[in-house]
Structures are given as C-alpha cells and as structure tokens.
Ligand SMILES: [Zn+2]
C-alpha cells in the first residue's frame, strides 16, 4: 500500500490553520486526524494555569511495548507581522517555484508533517513492531511556554509513561539541510531596569535628579562589558538593550523615572542567578534608587553529544551525504524541559526565514527531511 501521508500536503493543511500563540485554530485537529489515520492513540491536553493563556497540546502514541521514541514540536506560530510585506497570504500555504511559503513552513509545521510521514513509512516497513513512537506537540512554544511541554511532561510522569529518547524538530540548520544538530541551548533572561530620580525644571538641573543620566551610564556599562569570551561548546553570551522608556512629552521637565529593557542570551558560564547578581552590582554602582526586575526564561544547558545524538547524525549523514555538526547556537527551545527526562537532540528544517516575512521551505527539503526522520527511526530501533 502506498503511504497515505504526503508531508507537503500535511504541512499545507497545518499551515492553513492560523495558530498564532495561544490560538490553535484547528491545527491540532488536523494533526490528530492524520495520526489517528495511521494508528496513533491521541490525547488532547489543554492546560490553563492562571496568569497565562489556556493552551491546547497533543500527545500521541503508537505501539505499547518497547522503547518509546518521541518527536517533540509545536503547532503554534509567531504572528505574520506586516501582512502587506508578504508576497502571499501568510496562512494560504502557497507553493511557488518549488517553495512552500507561509507562516510555520520551517518553524515548524513543515517538520511535524515530515515526522508524521516518516512514522507511517517506518511502521509500514516493520512487521509486528515491538517499539513505540510518540509525538509531544504543544501550542505554546513561541509564547510563555507555561501551559505547554512542561505540563505535558508532568502529565506523562504522573501516568508512569516514559520517553526513552526525544528528537525535537526545530529548524536547526542555518542555510542547508544537514548542517547542525543542536545538543544544547543558550539560556535566556529578560530584565527591566528602572531608575528613580526627582522631577524638576530642565533649566535648573541642580534642583532635580535626572534618572536618565544614571540609566544611560548603567546601559553603557552593560552594553560595553563583554559577559565572557565563549566556552568550549558555546558562543559568547550576548546582552541587548531592547527598549528605553522615558515617555516624557515635555521639553522643559526632567522626568522622575526612566527605565529600559534588556535581553541576555547566555552560555554555560552563567546562570540566571549569577547574571542577576551582576546586573544588580552595576545598578548599585550607579547610586540612588534603581529597581531591577528579572525573569529567566531558561537556563543554558548542554548534553554532551551522546549515543542518541550520534544516531541522528548518522541518519542525517546517510541520507544527505554530509555529517551535521553539534551546535548550541540560537534561541531557546522546549528541549530545555525535555533534557531532564531523556536524551534529546534537535534536528529540523532550514531556519533562515523563520519568524520572517515570506517564511519558506523548498518542497524538496520536506521530502529529504522525511527520509532523514525515517532513517533516525530505523537506526534508533535497530540499535
Ligand atoms: Zn520553533
């Protein structure tokens, strides 16, 4: 019997659901239909912790015995941004000149479709099947990630259901399929610095206390002092000032308050706590009243490339003819939650256009990634 699932058709169907976080817009229904059609048992897992949007999630599993190989990903997408700047409707999933264009093409509805197609092809080639394949798909990866993967992992633990290895389908390749497998991720934290001064007439600055002067000094110090020179498997940590807010409409008033936002992407030489201390020290040095609020979205982590990462690398090399390098570059992903449960590696499509206008992936790459994923399953269960 020829395979029922075409990765491009499934990617198109998923992309036509405008599932901008936290909306699902029917994307998980499309996926569930496809998975049930090839023998997966599906569980929908909506979570609604207070203080965050309710999010729908899906856990699907096929086969009951033996090792459980999991594919993790997300059906939510970032907003399209300026729609007029797109050459096509971002949610129409148009194929033009061999390219599938639309939000989610590479990050990462395309990769989900490839894995589903690979799972079907793999299962069809196996007699009996003493193995288990699962998918952990969240609708909350691009958002606060509160009611997503972390909650599904807790639910699995409660049921006594174990993942033995997990492949995350984020777009890990910068320019061509086969370049990189991610085995760790930098940490990320946001901070807001608010300097309090004393309002006054701008003609009499000595009678006021201008918070902007101190804020500028703090930001200058932070922006010009390198955090580190990198580490064995990580690039140097980075700090970016993302906003400066004074909101003062008057030209003759020194404002009482000035604040700024920062985002830090950090390697394994730091932690959220150590960076908080460092920020606090710079704020204190400026003198006066300086408030600091931080939120750590994820600590840096590294899994030394293990047997599982090697299986993914071998499969990619066999199909693509190039051996991917192990990397930790880029943003965070839900691998930061999964790494505490089982070996995890990330390999997906080409990320060059992710989050951009005209996000796209070549149709041919979808078929190639399907072949890689199938080869990963074959090698994993043969090992
Ligand atoms: Zn993603």
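Conditions (1) under 28 Å from residue 364 (Cα atoms); (2) within 16 Å of the ligand (Cβ to nearest atom), marked per residue:
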| site | (1), (2) |
| --- | --- |
| 122 | yes, no |
| 137 | yes, yes |
| 145 | no, yes |
| 149 | no, yes |
| 160 | no, no |
| 168 | yes, yes |
| 191 | no, no |
| 198 | no, no |
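Grab the strands (runs of 3 or more DSSP E) fully contained in the stretch 108-217, keeping just those with 3 or more residues being within 21 Å of residue 71 (Cβ to Cβ) and in contact (Cβ under 8 Å) with a residue 40 or more places away in the chain. Spell out the reasoning first.
Numbers: elements: 132-138, 165-168, 180-182, 187-196.
Once the strands (runs of 3 or more DSSP E) in the stretch 108-217 are filtered for at least 3 residues that are within 21 Å of residue 71 (Cβ to Cβ) and in contact (Cβ under 8 Å) with a residue 40 or more places away in the chain, what remains is 132-138, 165-168, 180-182.
Values quoted throughout were computed directly from the atomic coordinates according to the rules given, and no laboratory measurement underlies them. Bear in mind that the values here come from a model prediction, so they are computed numbers and not experimental data. Glycine also receives a Cβ, built like all others from the backbone with ideal geometry; neighbour counts cover every protein chain displayed.
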